[in-house]
Structure formats: structure tokens, C-alpha cells
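As C-alpha cells, the structure follows; a few thoughts come after it.
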Amino acid sequence: MFLFAKLILGAVIICFTVIIHAFMCDIVLHFLDNHARNLQRDFRKHWQIISLIVSVFLIVSALMTDIWIWTFLFYYLEPDLFQTIEAALYFSSITFTTVGYGDVVLPMEWRVLSGTAAINGMLLFGWSSAFIFEIITKLYDRSRKNE
């Protein structure tokens, strides 16, 4: 596969993961908008904690879905690249999180995709952190306004 084709493949996967992330952020916002009053009523002073737990769980679910997308790409890309799905998941996880231990590496012809996965992970982890910070800010601002 030519370099340009690999870059296009990586860009398509990044677009797909960004769409997943955008939908999940939208789901979190709708959940909080639609259920904040019920959570306040049911959990009283701990409603922000419950809201934050649900929000973080949903965002982490999106991140895990993104990692699995890269896992399947790496696993099915070339039959001899990874012997097991676990090995592909391990590689995808350490690459996406930019830990990059280096104990598992791709052959030279596929390494551009590992860099693309790392870029994707940096982008989505940054977005997730900013989004969670915004959720925390809104939850506690809402709490102060209701006091």
C-alpha cells in the first residue's frame, strides 16, 4: 500500500473516531440537560458526583470504542501483523494513549499508521479532558445558582 493510501486510511479512521466522540459528547450533554433536575431530587447534594460519574463513563466508553476501531484495523490490515486480537489491542492501546513502550512495533511499511493513531489519541484525550472540565464547571455553576 502506498504512503498516500495509508495516510488517507488513517485520516478516514480519525474522521470516524471524531464522529463517534462528537455523538457521545452530544449524548452526555442531552443526558445532563434532561436528567439534572431528577438527579438533584433523587441524590440531593451528591447529584453532581452521579452526573460526573455517568459523564466520565460515557466519554471513556467513546475512547475505548476508538481504541477498538484501531485494534480491528491493525488486526485485519495484514494477516501476519498481529497473531492475536489481544496483541493488536495492546498495541492500539499503548499507541493511542501515546505511552508507546516500544516492545511491540509495526513493520516499517505500516509505521505511519501508528503515528496517525497516536495523533488521534492525543486529539481525543485532549478533547475529552476539556469536555469533562466543562461538565464539571457547568455542574457546579448550576449547583451554586440553585443555592
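Going by neighbour counts of Cβ atoms within 10 Å, the residues ASP42, ASP103, ASP66 line up, fewest first, as ASP103, ASP42, ASP66. Counting beta carbons within 10 Å around each of HIS35, HIS30 and listing the fewest first gives the order HIS30, HIS35. Basic side chains Lys and Arg get +1 at the Cβ, acidic Asp and Glu get -1 at the Cβ, and with that the dipole of the stretch 45-147 about its Cα centre reaches some 720 debye.
Between the listed residues GLY115, ILE49, HIS21, the Cα displaced farthest toward the positive end of the dipole of the stretch 3-146, a dipole computed from Cβ unit charges relative to the Cα centre, is found at ILE49. When only Cα pairs below 8 angstrom with a gap of at least 6 residues are kept, the stretch 3-146 shows a relative contact order of 28 percent. Taking other C-beta atoms within 10 Å as the exposure proxy, MET24, MET108 rank MET108, MET24 from fewest upward. Using only Cα atoms and rounding to the nearest 10 degrees, what angle (0 to 90) does helix 47-77 make with the longest principal axis of the chain? Approximately 10 degrees, to the nearest ten. What number results when the radius of gyration of the chain, computed over Cα atoms, is divided by 2.2 N^0.38 Å? Relative to the 2.2 N^0.38 Å estimate, the chain comes out at 1.28.
Each reported figure results from applying straightforward, stated rules to the coordinates on display, with no laboratory input. Computed from a predicted model, the values in this text were never measured in an experiment. No Cβ is skipped: glycine too gets one built from the backbone with ideal geometry, and neighbour counts run over all protein chains shown.
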